[in-house]
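Notes to accompany the following structure.
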Amino acid sequence: MDVLWDVAVSVGHAIEQVLIYVETHHWIFGFLAGGYIFYLHDRGLHARFDALDKRIDEVRKRLAVEY
């Protein structure tokens, strides 16, 4: 039983150390989260521009065929 209790205490201490690290270095995680949000926004923006370019190319092709 003592071994099981020692394992539980060790896991508790490890979780505590992780939480202390996150609490003191929260700005690192803020930069990571902000960067990821910017990356997702940038991907969505580029996808919209790519779709717009395809539509413009299609219109140009149709206009070239008519003349």
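Could you check how many residues of segment 1-40 are outside any helix (DSSP H, G or I) and surrounded by 10 or more Cβ atoms within 10 Å (Cβ to Cβ)?
Residues that pass the stated criteria total 1.
Answer with yes or no whether Arg43 is at pLDDT below 90 and open to solvent by 100 Å² or more (accessible area, probe 1.4 Å).
No; evaluated as a whole, the condition is false for this residue.
The values are calculated or read from the model by the stated rules, or taken from the named source; none is laboratory data. Since this is a predicted model, take the numbers as computed values, not measurements. Virtual Cβ from ideal backbone geometry, glycine too; neighbours counted across all protein chains shown. The protein model used for the area step is the full one, side chains on, heavy atoms only, and it has no ligands, DNA or RNA in it. Shrake-Rupley method; radii C 1.70, N 1.55, O 1.52, S 1.80 Å.
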